[in-house]
1. Can you tell me which residue among Glu69, Glu42, Glu103 is modelled with pLDDT under 95, in a helix (DSSP H, G or I) and among the acidic types (Asp, Glu)?
2. Would you mind stating whether Glu275 is out of contact with any helix residue (DSSP H, G or I) (no Cβ under 9 Å at 6 or more places or on another chain) and under 26 Å from Asn63 (Cβ atoms)?
3. Quick check on this structure: which one of Ile101, Ile113 is in the same structural domain as Ile174 (by TED's automatic domain parsing) and over 30 Å from Arg10 (Cβ atoms)?
4. Can you tell me which residue in the range 166-188 is farthest from the ligand (Cβ to nearest atom), limited to those that are in contact (Cβ under 8 Å) with a residue 40 or more places away in the chain and of a type in the set (A, V, I, L, M, F, W, C)?
5. Can you tell me which residue within the range 34-48, out of those that are touching a Phe, Trp or Tyr at 6+ places or on another chain (Cβ under 8 Å) and within 13 Å of Phe83 (Cβ to Cβ), is surrounded by the fewest Cβ atoms within 10 Å (Cβ to Cβ)?
6. For residues that are of a type outside the set (Asp, Glu) and modelled with pLDDT under 95, scanning just the range 267-277, find the one that is nearest to His314 (Cα to Cα).
7. When the range 347-388 is examined, which residues are found to be touching a His at 6+ places or on another chain (Cβ under 6 Å) and over 27 Å from Gly149 (Cα atoms)?
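The values are calculated or read from the model by the stated rules, or taken from the named source; none is laboratory data. These numbers were taken from a predicted model, which means no experiment stands behind them. Note that each Cβ is placed from the backbone with ideal geometry, even for glycine, and that neighbours are counted across all protein chains shown.
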Amino acid sequence: MINTFSETHRCLRCKVPMCQKGCPISTNIPGVITALEQNSLETAGQILFDNNPLSLVCSLVCNHEKQCEGHCVLNHKGVPIQFGEIEHYISDAYFDKMPVIKEERNHKKVAIIGSGPAGITISAILTKRGYDVTIFEAKSDLGGVLRYGIPEFRLPKRILDRYHKKLLSIGVKIRFNTTIGGALKIDDLFRDGYKSIFVGTGTWRPKSLGIKGESLGNVNFAIDYLASPETFSLGQRLLIIGVGNAAMDVARTALRHGVQHVYMTSLTDEITASEKEVDSARLEGAQLLYYKIPVEIDDTGVIFKDANTGELEHIDSDSVIVSISQDPKDKLVSTTSGLKANDKGLLETDAEGHTTLPGIFAAGDVVMGAKTVVEAVNQAKQVADHMDAYMKSLEA
Ligand SMILES: Cc1cc2nc3c(=O)[nH]c(=O)nc-3n(C[C@H](O)[C@H](O)[C@H](O)COP(=O)(O)OP(=O)(O)OC[C@H]3O[C@@H](n4cnc5c(N)ncnc54)[C@H](O)[C@@H]3O)c2cc1C
């Protein structure tokens, strides 16, 4: 844990703040540091949350080493300003006392489908602008991947509970266990007076390997496991196919749930996960195996082809987890005539977030594919402005 105050004194006050340039949502880092030096938690907190309603989450889960901290000029001399820790300190201290200034209610209803980072962002912004916001969430709790993907040891669920409480306190209505495209469809929402609909449904269909054995009882997909790891019995030896950030989360979670040996396989010698996550997974006991092309899964492990030599090898394991990313489910597209998606299932939108149907907007992973929290927030923030403009244009 760093001393936040001495950390701010190390900042060089660059004329062109590279840290801000490196942040996908352009956080005003110099402004935050100045406010902190002037002892104003309120100003620092306001700068953070006005720009990024998910600041408290991003302070923990952003890839700072590639973003703000990775761009800090102090990297040339040694250690960059640890802005992630500064942001966490401020956003944590300020979140519960943050005043929410709302414009006068305009009595226009907006439906938000999905309560992940994109849905939370739009809900917060449009509520402040006077709209009546209702979130429809398929799962039983708030947060999307933040709650059902990222493990507790990286992002404590109590932070999401605080967001839940905050949304309720500003007047957002939330319907959990409600999948739009099931009993209720998008057309029903328009029928019931919602002026505009936001789709932030993410990517929840695991990509499959398409090889023999993938449906066996010893095989699972990463996001299914991470949603409730305590309900799985993986045995002593686990093989994870994939080396992205989700795979690192699976490895670290499984090791915390008593699995003794965890192996992760890559098709090449490259690892897509961030350095920090890989270092942690290794330190905690996971081993990485390179140039392994999975060919077939059986009850006792996986047959791999060596990408260099072409030789076949059986690696024993009690269970296998496939972690090679996700695509969107097609529930909304298949139940809403005229709502178009591309061949990967990603919703078609223009630069302002309009889908192929009037009044329906989308942002986040369901548009961009599996990306990051800060990118979902950044896109949603811009789409909120266009939804606002669209609803105002209806009056004209
Ligand atoms: C295991 C894992 C770890 C990750 N770690 C990080 C990380 O450390 N840092 C980072 O920046 N990013 C990380 N990411 C990526 C990041 O979490 C996503 O990019 C982000 O959550 C996308 O936000 P979203 O709002 O678009 O979608 P989601 O978070 O997927 O939320 C979508 C929500 O919509 C709901 N929904 C879906 N369909 C319907 C429907 N028809 N009706 C009602 N509700 C519906 C879902 O239940 C879900 O709650 C990780 C992803 C995974 C899978």
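1. Working: Glu42 fails: modelled with pLDDT under 95; Glu103 fails: in a helix (DSSP H, G or I).
After applying the criteria, what remains is Glu69.
2. Working: out of contact with any helix residue (DSSP H, G or I) (no Cβ under 9 Å at 6 or more places or on another chain): yes; under 26 Å from Asn63 (Cβ atoms): yes.
Here the answer is yes, as Glu275 does meet what is asked.
3. Details: Ile101 fails: in the same structural domain as Ile174 (by TED's automatic domain parsing).
Exactly one residue qualifies, and that residue is Ile113.
4. Of all residues in the range 166-188, those in contact (Cβ under 8 Å) with a residue 40 or more places away in the chain come to 166-167, 169-175, 177-182, 184-187.
Okay, now just the ones that are also of a type in the set (A, V, I, L, M, F, W, C), so 167, 170, 172, 174, 180, 184, 186.
Numbers: Leu167: 13, Ile170: 19, Val172: 15, Ile174: 11, Ile180: 4, Leu184: 9, Ile186: 9 Å.
Within the range 166-188, the match that is farthest from the ligand (Cβ to nearest atom) is Ile170.
5. So the residue we want is Leu36.
6. We begin by selecting, within the range 267-277, every residue of a type outside the set (Asp, Glu); these are 267-268, 271-274, 276.
Filter once more, keeping what is modelled with pLDDT under 95: 271-274, 276.
Working: Ile271: 22, Thr272: 24, Ala273: 25, Ser274: 29, Lys276: 30 Å.
By that ranking, first place goes to Ile271.
7. Answer for the range 347-388, where residues must be touching a His at 6+ places or on another chain (Cβ under 6 Å) and over 27 Å from Gly149 (Cα atoms): just Glu352.
Conditions tested, residue by residue: (1) within 30 Å of Ile303 (Cα to Cα); (2) among the hydroxyl-bearing types (Ser, Thr, Tyr); (3) in the same structural domain as Asp343 (by TED's automatic domain parsing).
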| site | (1), (2), (3) |
| --- | --- |
| Phe176 | no, no, yes |
| Gly181 | no, no, yes |
| Arg191 | no, no, yes |
| Tyr194 | no, yes, yes |
| Ile197 | no, no, yes |
| Lys212 | yes, no, no |
| Asn218 | yes, no, no |
| Phe221 | yes, no, no |
